[in-house]
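Below is one structure, written out as structure tokens; comments come after it.
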Amino acid sequence: MEVGGRKSDDASTDFVLHCQPCLEDGREISANGFCKICKEFMCDPCISAHKRFAMSRNHVILTKDKMPSFYTNKDKADFLPTEHTSEMIKFYCPTHDDLGCSDCVVLHHITCKVEYLSETAKQYKDSEEYKTLNENISHMETVLFALNNEVNDSEAFISENTKEEIQKLRTFRAHINLVLDTRENMLLKSMKENEIKQKEILSKLRDEIKGLKQTLAETTTDMQTTEKQSHQHFIHAKMAKKQLVKLQGEINKINADIILDTSVRCTFWTDKHTEALINSSDFFGRVDFSNEGITSETDIDLSTVEWIKDAELDILCTEDILRHGITSSALVEPGKCLLVDDFNKCLKLVDINDNKVLSRIKLLGGPWQVCALPSGHAAVALPDKCKVQIVSVKNDSVVAGIHFDISGSCYGLAYTDKSLFVTYRQKKNAPARSYVERLSMTGEVLQSMTTNASSPHYLTISSSSTYLSDSAVKRIYQLDFNGSLLSTYDDPSLCWPSESINVGKERILVFARRPRHIVLINGKERNLKVILSLKDFGSQNDPDNLSFCPVSRKLLVGLEVFSAVI
């Protein structure tokens, strides 16, 4: 066994454990014992005093050769970095990034080149790992603060949303007969029950966030209180590193809960035929609770409408280093789209009615496809980082949220039924072929399917199908949710298919780059039709993105806005 940097057998004696009661009085006196009940190190006078008091005279005091070798948090005294709690922690194994006593080294690191803590710890504060650890702590504090704000904003939205919808209900109620009082009370009750339920969820999430903040604060305090003792500081830093991994998992879960559990939207729908239906079970109206995001579903026949060009968006920002490269867009609010700028590695929130950039946010890496999530959130694929990042859109601003690792370089990304669908041209440590995976909102793989697509750069989900745009072979694949092939669309009008969008009733729109066509595919009837050609409007650009707003009936292709004329 090699011990790196070894000078003498007594190299571990240059650190001292001090009496903790005396430290509180500003005196540094060596500890000669440890109280197992109080979880404190003590000097001889303090031990004598401890044994005199009735409340502590029966406490178990460990002698100097039996006491722990580092300061512990009283609430976490059982969390020790070694299984031999009575042994001194004197060694660090760089190979396994592990702390240990002499017994640990003999039992688990006999072939490793271990180092004395007393020597290694001196250099740790200047290391890149320590710098990264502090950066991660700072980042986690920011994330927890943002999550807490999201809970507060969601609670305010639920109250305001309920208030507005109740007012709509009562305004409508004023136009009908008093015999509808019973029905009105039933609807009001369902709204209030939803409000109480959602606030209970938010209260629980707030408590969880408070607990995580407390844990993070305790971890930071442990590091700060031992900053002058390199040996102790190193131990607590290593413990903090492991604690952060656990905290990140809890943060991912809370963020997913915020997206999925607090996004229920209360909407009162008036029934235009109330007078005719007054004796039916659906008279007066109904209350819907939906957590689906903004969709492009439309009730108009897009195959028969005419299109006029409105404007071309100007999305240049002073922070941009390169000319924009828009690869994807997603409707997050009526008339407002998130645009993926791959060249500048950012997201831009754009108002397509007023032609202005509302917000811009830098991402972890080069983004590709973006999809809308419930309650003003969105997810972005980062293929160069093998990650998915979550963002939120509120008050015309985009805020970065959590991110998680995925199985490979992901390009296509879509959302449905509380799940994310992603596509890979190849997964890590897997045979060379393309894949589609269904993930939970924290990145857990729920389902994995292989496909025949050569280069699936874009993905769209309808009510019952998955559509893959394969630019390599100029083809669209329609699959069911188990990965079985339902249909293949090959047509000259689909040359270089890029982004596609679901417009409802098993219909999707696809943008084909080479002919610059917008193609409508009917998944039920297995046919397609060109509904718009950019060449007819003199368009010269070669974009990738496509999105549609059913409220304003506007289509965004690249940076050009078109309106449907009914």
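The values are calculated or read from the model by the stated rules, or taken from the named source; none is laboratory data. Quantities reported herein were computed from a predicted structural model and do not represent experimental measurements. When we count neighbours, we look across all protein chains shown, and the Cβ atoms used for this are built from the backbone with ideal geometry, even at glycine.
State which residue pairs qualify: first residue in the same structural domain as ASP314 (by TED's automatic domain parsing) and more than 26 Å from HIS139 (Cβ to Cβ) and inside the stretch 352-369, second residue among the aromatic types (Phe, Trp, Tyr) and assigned to a loop (DSSP other than H, G, I, E, B) in any location, beta carbons under 8 Å apart, and separation of 6 or more residues or different chains.
Taking only residues 6 or more apart or on different chains, not a single pair turns up.
Picking from VAL551, VAL565, VAL473, VAL530, which residue would you name as being at pLDDT 90 or above and either β-branched (Val, Ile, Thr) or within 23 Å of ILE300 (Cβ to Cβ) (or both)?
Values: VAL551 fails: at pLDDT 90 or above; VAL565 fails: at pLDDT 90 or above; VAL473 fails: at pLDDT 90 or above.
Testing whether each residue is at pLDDT 90 or above and either β-branched (Val, Ile, Thr) or within 23 Å of ILE300 (Cβ to Cβ) (or both) leaves just VAL530.
Is the stretch 175-185 home to any residue that is surrounded by fewer than 18 Cβ atoms within 10 Å (Cβ to Cβ), hydrophobic (A, V, I, L, M, F, W, C), assigned by TED's automatic domain parsing to the domain that holds GLU150 and within 30 Å of SER375 (Cβ to Cβ)?
Checked against the condition, which is being surrounded by fewer than 18 Cβ atoms within 10 Å (Cβ to Cβ), hydrophobic (A, V, I, L, M, F, W, C), assigned by TED's automatic domain parsing to the domain that holds GLU150 and within 30 Å of SER375 (Cβ to Cβ), the stretch 175-185 yields no hits at all.
In the stretch 548-559, is there at least one residue being among the hydroxyl-bearing types (Ser, Thr, Tyr), surrounded by fewer than 20 Cβ atoms within 10 Å (Cβ to Cβ), more than 21 Å from LYS348 (Cα to Cα) and assigned by TED's automatic domain parsing to the domain that holds ASP417?
No, the stretch 548-559 contains no residue that is among the hydroxyl-bearing types (Ser, Thr, Tyr), surrounded by fewer than 20 Cβ atoms within 10 Å (Cβ to Cβ), more than 21 Å from LYS348 (Cα to Cα) and assigned by TED's automatic domain parsing to the domain that holds ASP417.
So which residues in the stretch 442-461 are crowded, with 18+ Cβ neighbours inside 10 Å and either closer than 24 Å to ILE326 by Cβ or among the basic types (Lys, Arg) (or both), if there are any at all?
ALA453, PRO456, HIS457, TYR458, LEU459, THR460, ILE461
Looking at the stretch 372-434, what strands (runs of 3 or more DSSP E) fall wholly within it and have at least 1 residues that are of a type in the set (Asp, Glu)?
Strands (runs of 3 or more DSSP E) meeting the threshold: 397-405.
Check whether at least one residue in the stretch 465-486 is in contact (Cβ under 8 Å) with a residue 24 or more places away in the chain, more than 17 Å from LEU528 (Cα to Cα), part of a strand (DSSP E or B) and hydroxyl-bearing (Ser, Thr, Tyr), and report yes or no.
Checking the stretch 465-486: not a single residue is in contact (Cβ under 8 Å) with a residue 24 or more places away in the chain, more than 17 Å from LEU528 (Cα to Cα), part of a strand (DSSP E or B) and hydroxyl-bearing (Ser, Thr, Tyr).
Can you name the condition, by its number, that TYR92 falls short on among (1) among the hydroxyl-bearing types (Ser, Thr, Tyr); (2) within 26 Å of THR215 (Cβ to Cβ); (3) at pLDDT 90 or above; (4) not in a strand (DSSP E or B)?
With respect to (1) among the hydroxyl-bearing types (Ser, Thr, Tyr); (2) within 26 Å of THR215 (Cβ to Cβ); (3) at pLDDT 90 or above; (4) not in a strand (DSSP E or B), TYR92 is out only on (4).
Could you tell me whether the stretch 75-83 includes any residue that is among the charged types (D, E, K, R), in a helix (DSSP H, G or I), under 21 Å from GLN243 (Cα atoms) and at pLDDT below 90?
Yes, because at least one residue in the stretch 75-83 is among the charged types (D, E, K, R), in a helix (DSSP H, G or I), under 21 Å from GLN243 (Cα atoms) and at pLDDT below 90.
What residue, of GLU200, GLU208, is in the same structural domain as ASN255 (by TED's automatic domain parsing), among the acidic types (Asp, Glu) and either surrounded by fewer than 12 Cβ atoms within 10 Å (Cβ to Cβ) or touching a Phe, Trp or Tyr at 6+ places or on another chain (Cβ under 8 Å) (or both)?
GLU200 is the lone residue from the list that is in the same structural domain as ASN255 (by TED's automatic domain parsing), among the acidic types (Asp, Glu) and either surrounded by fewer than 12 Cβ atoms within 10 Å (Cβ to Cβ) or touching a Phe, Trp or Tyr at 6+ places or on another chain (Cβ under 8 Å) (or both).
Within 28 Å of the chain's Cα centre (by Cα), closer than 30 Å to SER448 by Cβ and touching a residue at least 12 places away in the same chain (Cβ under 8 Å): is that true of ILE501 in this structure?
yes
From the set of residues in the stretch 9-52 that are at pLDDT 90 or above and aromatic (Phe, Trp, Tyr), which is nearest to LYS228 (Cα to Cα)?
Among them, the one singled out is PHE41.
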